[in-house]
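S.K.: Okay, handing you the structure first.
The values are calculated or read from the model by the stated rules, or taken from the named source; none is laboratory data. Note that the structure is a prediction, hence the values are computed from the model and not measured. Note that we place each Cβ from the backbone using ideal geometry, even for glycine, and neighbour counts take in every protein chain shown. Please note that ligands, DNA and RNA were not included when accessible areas were found on the heavy atoms of the full protein model with its side chains. Shrake-Rupley method; radii C 1.70, N 1.55, O 1.52, S 1.80 Å.
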Amino acid sequence: MSSVLIVDDERPIADSFAAFFEKHGNHTVTCAYSGAEAISAYEATHPDLVLLDLRLPDMTGFDVYAHIREHAPVVIMISGHADIPLAVQALQSGAENFLTKPVELPHLAAAADRAFEKVRLRQLNQYLSERRNGVSAAFALGSSTVMRDLAAQVELLAASDRTTVLLLGESGAGKGRVAELIHSHSPRRTGAFVEVNCSASTPEALEVALFGQDAGTENGREPHAGLFEVAAGGSLFLDEIAELRTHLQARLLRVFEGKGFRRVGGTREISADVRIIAATNRDLVTEVNEGRFREDLYYRLSVMPLYLPPLRARSREDLVELVGHIVDDLRPHLPAAPPNISDDALDRLLRHAWPGNIRELRNVLERAMIIGRGAEQIEVRHLPAEVRDSSMAVVEHHVPRTLAEIERMHIERTLRVHNANRTHAARELGISRATLIKKIKEYGLNPRGR
């Protein structure tokens, strides 16, 4: 609910506007019928939106605006004259919009919606500043219920010494950061945190990297320890674990079962004192069903799986906090970079779909901070074209629908957000995967994916 100050010396018009705002949106409305009353009312209430008539009995609307401008009000100016120079002057002075009487209510509603969106952006930017100036908790991943619940699970896992962690989510969703967070706050934090990408090497090279190799005459190979030995007493982060070939999955399962491992070409059994944190952007249930991933290994990994939602599925507040964290992280490395973000630039960032997730967002912000060196804040012009032109956010108007239609649309939207990944969509919807598949068939949906 927002607050509105209506300034017009014609009481019937002011009362009509007041009734409109009270009925549509349940806004708190204050009316003033002169310039002096308007200034007093603004200073007393600091409303979110001011509807300001240009012709008042004691001063002009421009005079009123000059008195309150220091507070950066969001103002829609109104005049009984369709005067283009007057409209230009109003907009140049800082007004959000200019309407002529008689004001058509649909036009007023559209202008007010845009104005309230600007108010919301300012509030989010203020929220960002306050959060960045405060002391953030170690496990702060966002302020929404979903992200607070995720942070609580991360904290629980961090307190454990050996519990295996499985991180699920799209590429760039922050799985690596969460893995480091879990390790750095665990009893093993004084040990090494070793990361390996299971898709970055050939199966043979990966096997040697993980388990090491003993000396051999063939190819004159030198003995060396594998990452399981290097990470002893610490954590081993296996990124993209779904890419492991079957024989490596079998070797990893032996480690989980406490049977240890042997180096490539070796005969000595070595015990593994490591905590395994695994991550994947694939649906492991599908991988198991299609025979690409061992079911017994999957159950060993999925003791307490954590799903990191993509940025397009996170709340605006979560995105704002993430932007603040990234800017604060980059600033020490970018001298003279702008420390703040303009409302318009923040609006573009919140509208973009971020297919590359956190990795893409970080790249965009780093680029903007480099281009904007010397400026007070990141502006829209500092953003790449694909972000400047983003229009993901749309206003959804009410359309009468049955509950079944709403359920169908919500399931379809959720599947689309998660790229048709049924396991992730079912988790967000709070239903089982089997129930989701039944609903897909019932509503005749045709998601392309797993």
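S.K.: If we keep just the residues of segment 414-442 that are assigned to a loop (DSSP other than H, G, I, E, B) and at negative phi, which is nearest to the chain's Cα centre (by Cα)?
M.R.: Result: H418.
S.K.: So, one more: Scan I406, I411 and give me the residue that is assigned to a helix (DSSP H, G or I) and at pLDDT below 85.
M.R.: Of I406, I411, the one residue that is assigned to a helix (DSSP H, G or I) and at pLDDT below 85 is I406.
S.K.: Additional query: Could you go through segment 80-97 and let me know if any residue there is at pLDDT 90 or above, surrounded by 16 or more Cβ atoms within 10 Å (Cβ to Cβ) and under 35 Å from the mean Cα position of the chain (by Cα).
M.R.: no
S.K.: Continuing with the same structure: Name the pairs whose Cβ atoms lie under 8 Å apart, with the first residue in segment 321-333 and within 15 Å of L350 (Cβ to Cβ), the second open to solvent by 60 Å² or more (accessible area, probe 1.4 Å) and modelled with pLDDT under 90, and 6 or more positions between them or separate chains?
M.R.: Listed pairs, sorted by first residue: E321/R131; G324/R131.
S.K.: Here's a follow-up. Any idea which of (1) among the hydrophobic types (A, V, I, L, M, F, W, C); (2) more than 29 Å from D283 (Cα to Cα); (3) exposed (fewer than 15 other Cβ atoms within 10 Å of the Cβ) is the one A232 doesn't satisfy?
M.R.: (3)
A quick yes/no check of all residues on (1) outside any helix (DSSP H, G or I); (2) open to solvent by less than 50 Å² (accessible area, probe 1.4 Å); (3) at pLDDT below 90:
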| residue | (1), (2), (3) |
| --- | --- |
| L252 | no, yes, no |
| T267 | yes, no, yes |
| D273 | yes, no, yes |
| I277 | yes, yes, no |
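S.K.: A further question follows. Quick check on segment 161-188: of everything there that is surrounded by fewer than 21 Cβ atoms within 10 Å (Cβ to Cβ) and out of contact with any helix residue (DSSP H, G or I) (no Cβ under 9 Å at 6 or more places or on another chain), which residue is farthest from A231 (Cα to Cα)?
M.R.: Among them, the one singled out is G176.
S.K.: Within segment 98-107, take every residue that is assigned to a loop (DSSP other than H, G, I, E, B) and free of Cβ contacts under 8 Å to residues at least 24 places away in the same chain and give me the one that is surrounded by the fewest Cβ atoms within 10 Å (Cβ to Cβ).
M.R.: The extreme case among them is P102.
S.K.: Sticking with this structure for a sec: Which residue pairs have Cβ atoms under 6 Å apart, sit 6 or more places apart or on different chains, and have a first residue in segment 182-207 that is among the hydroxyl-bearing types (S, T, Y) and a second that is in a helix (DSSP H, G or I)?
M.R.: Hits for this filter: S186/A158; S199/E243.
S.K.: Here's something else I'd like to know. Could you list, ordered by first residue, the pairs with Cβ atoms under 6 Å in which the first is in segment 423-437 and open to solvent by less than 60 Å² (accessible area, probe 1.4 Å) and the second is part of a loop (DSSP other than H, G, I, E, B), at least 6 apart or interchain?
M.R.: From residues that are open to solvent by less than 60 Å² (accessible area, probe 1.4 Å), the pairs are T423/D283; H424/H418; A425/H418.
Condition check ((1) part of a helix (DSSP H, G or I); (2) open to solvent by 40 Å² or more (accessible area, probe 1.4 Å)) across all residues:
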residue: H325; (1), (2): yes, yes
residue: D328; (1), (2): yes, yes
residue: A336; (1), (2): no, yes
residue: D344; (1), (2): yes, yes
residue: D347; (1), (2): yes, no
residue: P355; (1), (2): no, yes
residue: R359; (1), (2): yes, yes
residue: R362; (1), (2): yes, yes
residue: M369; (1), (2): yes, no
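S.K.: I'm trying to understand the selection: among the residues of segment 239-250, which are surrounded by 17 or more Cβ atoms within 10 Å (Cβ to Cβ) and touching a helix residue (DSSP H, G or I) at 6+ places or on another chain (Cβ under 8 Å)?
M.R.: Of everything in segment 239-250, those that are surrounded by 17 or more Cβ atoms within 10 Å (Cβ to Cβ) and touching a helix residue (DSSP H, G or I) at 6+ places or on another chain (Cβ under 8 Å) turn out to be D239, I241, A242, L244, L248, Q249.
S.K.: Residues of segment 1-33 being among the β-branched types (V, I, T) and at pLDDT 90 or above, which ones?
M.R.: V4, I6, V7, I13, V29, T30
S.K.: Further question: Would you point out which residue out of T28, T45, T60 is surrounded by fewer than 16 Cβ atoms within 10 Å (Cβ to Cβ), among the hydroxyl-bearing types (S, T, Y) and over 40 Å from the mean Cα position of the chain (by Cα)?
M.R.: Working: T28 fails: over 40 Å from the mean Cα position of the chain (by Cα); T45 fails: over 40 Å from the mean Cα position of the chain (by Cα).
Matching residue, one of T28, T45, T60: T60.
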